[in-house]
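To keep things clear, I will list the structure first and then write my remarks on it.
The values are calculated or read from the model by the stated rules, or taken from the named source; none is laboratory data. Predicted model, so just to flag it, every value in this text is computed and none were measured. Don't worry about glycine lacking a Cβ; one is built from the backbone with ideal geometry, like all the others, and counts go over all protein chains shown.
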Amino acid sequence: MSDVTAPEPLQVRFFAAARAAAGCDGTVLDLEPEATVADAVRELCCRSDELAQVLQKCSYLCDGVAVRDLSTVLRPHQTLDVLPPFAGG
């Protein structure tokens with residue numbers, strides 16, 4: 001067996017302004033084991049300057065639970081929702 005660990009898939013869903021900046025409803029990231037929410041955000045920021053600007057203002061949900069700490073470790077096959085600030089009430 002190899003000591004190399006395979007990347008682990010993370011489903012990312014974009015909403016509102018994040019969807020517009022990303023140009024899609026979602027994507028799958030292949031992250032290293034023990035990757036954090038911050039790692040996922042960094043990878044997404046590399047995709048476009050517009051998306052990077054939007055991501056600075058976003059909140060995140062991991063499997064429906066609010067992420068309060070970007071150092072939260074992600075597990076394989078989780079879903080990360082990217083939520084920009086919403087206007088209105």
Legend entry - Residues being under 9 Å from the mean Cα position of the chain (by Cα), assigned to a strand (DSSP E or B) and of a type in the set (G, A, S) - total across the stretch 21-43: 0
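On the given criteria, is E50 surrounded by fewer than 15 Cβ atoms within 10 Å (Cβ to Cβ), assigned to a helix (DSSP H, G or I) and on the phi < 0 side of the Ramachandran plot? Spell out how you get there, then give the answer.
Details: surrounded by fewer than 15 Cβ atoms within 10 Å (Cβ to Cβ): yes; assigned to a helix (DSSP H, G or I): yes; on the phi < 0 side of the Ramachandran plot: yes.
Here the answer is yes, as E50 does meet what is asked.
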Inset, instruction - Provide a single number: the residues in the stretch 51-78 that are more than 16 Å from F14 (Cβ to Cβ) and under 11 Å from the mean Cα position of the chain (by Cα). - result: 2
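Does G26 satisfy the condition of being out of contact with any Leu (no Cβ under 9 Å at 6 or more places or on another chain), at pLDDT 95 or above and surrounded by 13 or more Cβ atoms within 10 Å (Cβ to Cβ)?
On the way: out of contact with any Leu (no Cβ under 9 Å at 6 or more places or on another chain): yes; at pLDDT 95 or above: yes; surrounded by 13 or more Cβ atoms within 10 Å (Cβ to Cβ): yes.
In short, yes.
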Legend entry - Residues located in the stretch 57-68, provided they are within 14 Å of R19 (Cα to Cα) and not small (G, A, S): K57, C58, Y60
Inset, instruction - State yes or no: is T5 modelled with pLDDT under 95 and either of a type in the set (S, T, N, Q) or surrounded by 12 or more Cβ atoms within 10 Å (Cβ to Cβ) (or both)? - result: yes
Inset, instruction - Under 8 Å between Cβ atoms, at least 6 apart or on separate chains: pull out the pairs that start in the stretch 63-74 with a residue that is within 15 Å of R42 (Cβ to Cβ) and touching a residue at least 24 places away in the same chain (Cβ under 8 Å) and end on any residue that is small (G, A, S) and not in a loop (DSSP other than H, G, I, E, B). - result: V67/S59; L70/A38; S71/A38; L74/A40
